1. Does at least one position in the range 14-35 carry a residue that is within 30 Å of Val339 (Cβ to Cβ), assigned by TED's automatic domain parsing to the domain that holds Ala159, of a type in the set (A, V, I, L, M, F, W, C) and exposed (fewer than 15 other Cβ atoms within 10 Å of the Cβ)?
2. Starting from residues that are touching a residue at least 60 places away in the same chain (Cβ under 8 Å) and assigned to a strand (DSSP E or B), keep the ones in the range 208-255 and report whichever is nearest to Gly273 (Cα to Cα).
3. Which condition number does Ile216 fail, the rest of (1) in the same structural domain as Arg77 (by TED's automatic domain parsing); (2) surrounded by 15 or more Cβ atoms within 10 Å (Cβ to Cβ); (3) more than 25 Å from Pro45 (Cα to Cα) being met?
4. Can you tell me how many residues within the range 168-195 are over 27 Å from the mean Cα position of the chain (by Cα) and not in a loop (DSSP other than H, G, I, E, B)?
5. Filter the range 1-13 down to the residues that are closer than 16 Å to Ala163 by Cβ and out of contact with any strand residue (DSSP E or B) (no Cβ under 7 Å at 6 or more places or on another chain), then identify the one that is surrounded by the fewest Cβ atoms within 10 Å (Cβ to Cβ).
6. Could you tell me whether Ile205 is touching a Leu at 6+ places or on another chain (Cβ under 6 Å), farther than 30 Å from Leu329 by Cα and touching a residue at least 12 places away in the same chain (Cβ under 8 Å)?
7. Where the second residue is of a type in the set (S, T, N, Q) and the first is in the same structural domain as Val85 (by TED's automatic domain parsing) and lies in the range 95-110, which pairs have Cβ atoms under 7 Å and are six or more apart or on separate chains?
Amino acid sequence: MRAACVFIPHFPIAVELLDRPDLRGRPLVIGGAPEQRKAVLDCSPEAEAQGARPGMPLRQALGLCPKAAFLESDLARYQDAFEAVLHALEGISPLVEAADLGRAYVGVEGLEGLYWDEMALGEALVQAVRLADGQARSTGSLLPSAGLGEGKFAAWAAAVTSAPGEVCLVPAGREAAFLAPLDVFLLPCSLDTMRRLGLFGLHTIGDVASVPLGAIQAQFGPDGRRLWELAHGLDWEPLRPRRHEESVSERLAFSEPAVSTEALSVAGRQLLGRLFRQPALRHRAVRQMRLRAALSNGRSWERTVTFREATADRDQVLYVLRCTLEAALPSRPVEEMEVTLSGLTEETGKQEGLFAAKGHRRAQLEEALRQLKARFGQSPVYHIVEVEPWSRIPERRLALIDYDP
């Protein structure tokens, strides 16, 4: 399977530089303020040269890079930028797999007749990404490298070892020779496996390929066989093109930034009213809801909720929206709010049996009561029990007792 890999190193940093070109060349750390107990999401090459790494605590990064600029992460902005990249790549090939932020695989088989050669195809992929974001035309921040090879791993290795803006081709049948001098850190394995490879003196992919299959499989099991195959350029992992789900969205801008849960809930009610009046939702249910807010500091807030069962009940969706806001209220005033409903399907319901088992219904009732008790702290349901059935006073014959399943 001939595939291409498009790679943008330090994708969050590249997106931040679209909006802040004045920070270019400075050590940058994304994750939050250094006094926060958070981890580094991404860091620029200048910060990496001073020892900063993604995943380390922000305070540790501050000790290594005292002059670095620390930026709040904006995952919604990064996802939007990557979505624009994927959409641009789909303009060239309908088979596009999103691996992670800044890395995508493209199926290129069948495109030979549309371009002069594979180099022209790779250059078209690079150019499409450069024009994916309008700001990139002036700043050039989203500058990817591209690799083409037989299988996803060879294409990835070709892309990651190329400079931004370059295209690297791995000729068919030459995968093992191309991979041999590369570092084993490119192999998809755990840190423990990487450490053990180093203990065995296997520092390059060619070293792994030189070990007999039986020996490496005896030490690393099925993972060892997978690494041995990749080292020989054998990669049968299929391309998994992303699926496009139908969705509907509505947004609302506030005249004054909103800070309370009540104000945001009212806005959510209004947005849901608009959404459920759309023809696309007529007689249909939704499986997922995404809340997104534009904050006063220029950042974004986002939460995604997947419903246990597809629902067409607007009140139920509003209840989930309100609970989501109460659990994680945006840290800054909200200037704009957006609600997206996705996973549209035909309206669903529960089909009960004609002779439903009484025990099954009782189990459902008891589970519902346990959920109510967990939410309100005590059971809001009571049941009637006989206390003094022989008493002449009616009030003494029966009593209401908390029902605790």
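1. Yes - at least one qualifying residue is present in the range 14-35.
2. By that ranking, first place goes to Glu250.
3. (1)
4. 9
5. The residue in question is Pro9.
6. yes
7. Every condition considered, the pairs that remain are Val106/Ser93; Gly107/Ser93; Val108/Ser93.
Rundown of residues vs (1) under 25 Å from the mean Cα position of the chain (by Cα); (2) among the hydrophobic types (A, V, I, L, M, F, W, C); (3) not assigned by TED's automatic domain parsing to the domain that holds Ala84, yes/no style:
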residue	(1), (2), (3)
Val211	no, yes, yes
Asp223	no, no, yes
Leu230	no, yes, yes
Leu252	yes, yes, yes
Glu256	no, no, yes
Val259	no, yes, yes
Gly268	yes, no, yes
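The values are calculated or read from the model by the stated rules, or taken from the named source; none is laboratory data. Nothing here was measured: the structure is a model prediction, and the numbers come from that model. In this analysis, Cβ positions are derived from the backbone assuming ideal geometry, glycine residues included, and neighbour counts consider all displayed protein chains.
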